[in-house]
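Worksheet for the structure shown next.
The values are calculated or read from the model by the stated rules, or taken from the named source; none is laboratory data. Keep in mind that what you see is a predicted model, and the values were worked out from it rather than measured. FYI the Cβ positions are ideal-geometry reconstructions off the backbone, even for glycines, and counts take in every protein chain you see. Only protein heavy atoms, including side chains, enter the accessible area calculation; ligands, DNA and RNA are left aside. Shrake-Rupley method; radii C 1.70, N 1.55, O 1.52, S 1.80 Å.
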Amino acid sequence: VRRIGGGLTPAQVSQIIRSADSGQMASLIDLANEMRQKDGHLQCVLQTLETSIACLQWELVLPGDTKKKKSRRGGPQRKFVEDQLRHHPAFRRMVSHLTGSRFYGYGVSEIVWERDGGKLLPVDLKNCAARRFGFRTSDGRLVWRDERMPIDGVDVRASYPDKFIIAQPYVNGDVACREGLVRLLMWLALFRNWSLSDWLQLAEMSWKPYRRGVFKKGASKEDVANLRNVL
């Protein structure tokens, strides 16, 4: 994971966004995570969303069932699957992680399967970092795009069926690589961060004595300009 740093400018942020528009999401995700760590309001809102959804009551619904009418098919199997999920220690954590897809635009979790007594059970649910994924330019499909991988990435849904859970919520209706709230909330967090930095610098320099810079007679224009910037 890469740290973007504190000396970030609007031009650099725009460059990161342009890179994400071409499907390269790693830098945008790194910046988004950094903003969550710097902006208490952003972190509070996102965490409230993620934890509140994860704590809701839920039930298993088979395809074709509705609220008013639920079929009785697969009763024992349905109960078995629901019990496995309900008592799985990582299930709520996974739900919270996938709820965060509204911020990034997507979320991915991996299912670790294991055979037990003739049954295939999800022994672990591992949440995948969003920066490890990106979008294929040819068709806009979400692909696994770690370093040293093929330029088009790996389509995990096609290559590893029933292995990954992928959430891509409809948030702003844009193309897949521009979905999510990350662009909007990131700018607001950055503006707050920049404003706070200005206030801190003002507080640091206020009510202090005058500062005097001295340069030698033969100093270059560049040296003089640098001294003025320091002052």
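Quick look at the values:
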{"read-out": "GLY75 in contact with a Ser or Thr (Cβ under 8 Å, 6 or more places away or on another chain) and exposed (fewer than 11 other Cβ atoms within 10 Å of the Cβ)", "value": "no"}
{"read-out": "Options GLY153, GLY134, GLY105; residue that is open to solvent by less than 40 Å² (accessible area, probe 1.4 Å), in contact with a Phe, Trp or Tyr (Cβ under 6 Å, 6 or more places away or on another chain) and small (Gly, Ala, Ser)", "value": "GLY153"}
{"read-out": "Hits in segment 194-223 - residues which are of a type in the set (S, T, N, Q) and within 22 Å of GLY7 (Cβ to Cβ)", "value": "SER195, SER197, GLN201"}
{"read-out": "Tabulated pairs, segment 9-35, first farther than 17 Å from ARG136 by Cα and among the acidic types (Asp, Glu), second at pLDDT 90 or above and open to solvent by 10 Å² or more (accessible area, probe 1.4 Å), C-beta under 9 angstrom, 6+ apart or interchain", "value": "ASP30/ILE16; ASP30/ARG131"}
{"read-out": "Subset of segment 175-193 (residues that are more than 17 Å from LEU98 (Cβ to Cβ) and surrounded by 13 or more Cβ atoms within 10 Å (Cβ to Cβ))", "value": "CYS177, ARG178, ARG183, LEU185, MET186, TRP187, LEU188, ALA189, LEU190, ARG192, ASN193"}
{"read-out": "Meets criteria (modelled with pLDDT under 90, out of contact with any Ser or Thr (no Cβ under 6 Å at 6 or more places or on another chain) and either buried (at least 18 other Cβ atoms within 10 Å of the Cβ) or outside any loop (DSSP other than H, G, I, E, B) (or both)) for GLU82", "value": "yes"}
{"read-out": "Any hit, segment 203-212, residues being in a helix (DSSP H, G or I) and open to solvent by less than 100 Å² (accessible area, probe 1.4 Å)", "value": "yes"}
{"read-out": "Which numbered condition ARG2 misses (of (1) part of a helix (DSSP H, G or I); (2) at pLDDT below 90; (3) under 16 Å from the mean Cα position of the chain (by Cα); (4) not small (Gly, Ala, Ser))", "value": "(1)"}
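Residues checked against (1) under 30 Å from LEU142 (Cβ atoms); (2) at pLDDT 90 or above; (3) open to solvent by 80 Å² or more (accessible area, probe 1.4 Å); (4) acidic (Asp, Glu):
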{"residue": "SER52", "(1), (2), (3), (4)": "yes, yes, no, no"}
{"residue": "TRP58", "(1), (2), (3), (4)": "yes, no, no, no"}
{"residue": "VAL61", "(1), (2), (3), (4)": "yes, no, no, no"}
{"residue": "LYS68", "(1), (2), (3), (4)": "no, no, yes, no"}
{"residue": "PRO89", "(1), (2), (3), (4)": "yes, yes, yes, no"}
